[in-house]
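Take a look at the structure set out below.
Derivation of every value follows stated rules applied to the coordinates shown; laboratory data play no part. Every value quoted in this text rests on a predicted model; they were computed, and no experiment measured them. Cβ: placed from backbone, ideal geometry, glycine included. Neighbour counts: every protein chain shown.
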Amino acid sequence: MDIRPAASDPHSCAAPPSTRLPLSLFALKGHPATGKSVLARAMAVRLQLPLIDKDDIKDALYTLPEANRLSYAVMWQVVATQLALGQSVVAVSPLSDPADYARARELATQYSANLWVVETLLAEQEWRRRLEARQPDESAHKVRGWSAMEAMLHSYAGRWQYPIAAQHHLQVDTAEPVAASLEALLARILEKT
């Protein structure tokens, strides 16, 4: 997987062979409306990787009991299949439970893949604005509005604030333009490999 700027990019320059990454699991983490899906899509397109989005799965399973738990189980199974095939993958979900981070670590270890937990962050004012701007037709299960987000955070009881190993953890301020955020993220990944 080559993470150099695209050849068609007029600002690209020759890059050393170290710009190729080994097998990797990119697990995006963040609260609703912090830009994880947008960043994940840009990453998947830029790196030409499959994108496994937990929300896509939950949209199909929404009416089933325990749809959220089932959505994670399906997401991790598809991620495992991709890694078993030697294919790096981008997986996007809130990753709000430490058990899901543990599952990502297990899969990365099992398939000798690098694990990159990419956490999206956003200042509260912009985060509120994005939550309030969400349209009802986006998805039946997505959180809309700040009061709904506060209720969700309360239900988490702080469990989303678990420690992530420094070698896995990359934080991205998604208030920046997505292209700039992605290039900065990829540069940081290159530094760590």
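Modelled label positions at Ala179 and Leu85, each set 7 Å beyond Cα in the direction of Cβ, lie 3.0 nm from each other. The share of Cα pairs per 5 Å bin across the range 53-162, counted from zero up to the longest distance, runs 2, 10, 17, 21, 21, 14, 9, 4, 1 percent. Given a 10 angstrom Cα cut-off, can you work out which residue in Gln135, Gln171, Gln87 is the most mobile in a GNM of the chain? So, out of Gln135, Gln171, Gln87, the one fluctuating most is Gln135.
How much FRET efficiency would the formula 1/(1 + (r/R0)^6) give for His169 and Gln135, where r is the Cβ-Cβ distance and R0 is 22 Å, rounded to 0.05?
Working: r = 32 Å, r/R0 = 1.45.
E(calc), rounded to 0.05, equals 0.10.
I'd like to compare 73-80, 25-32, 108-115: which one has the highest average count of other Cβ atoms within 10 Å, and what's the full order after that?
Numbers: 73-80: 17.6, 25-32: 24.9, 108-115: 15.8.
Ranking, from highest mean packing down: 25-32, 73-80, 108-115.
Between Glu126 and Val45, the FRET efficiency from the beta-carbon distance, with R0 = 30 Å, is close to 0.80. Beyond 19 Å, what percent of the Cα pairs of the range 108-193 remain? Summing the P(r) tail past 19 Å for the range 108-193 gives 56 percent. Taken about its Cα centre, the chain carries a charge dipole of about 220 debye when Lys and Arg each add +1 at the Cβ and Asp and Glu each add -1 at the Cβ.
Of Gly158, Gly35, Gly86, the residue with the greatest mean-square motion in the GNM of the chain, using alpha carbon springs below 10 Å, is Gly158.
Report, as a whole number in µm² per second, the diffusion coefficient that Stokes-Einstein gives for the chain at 20 °C and 1.002 mPa s using the Kirkwood radius over alpha carbon pairs. Please list the in-between numbers first.
Values: Rh = 17.4 Å.
D = 123 µm²/s.
Taking label points 7 Å from Cα along the Cα-to-Cβ direction, Leu61 and Leu190 give a separation of 3.8 nm.
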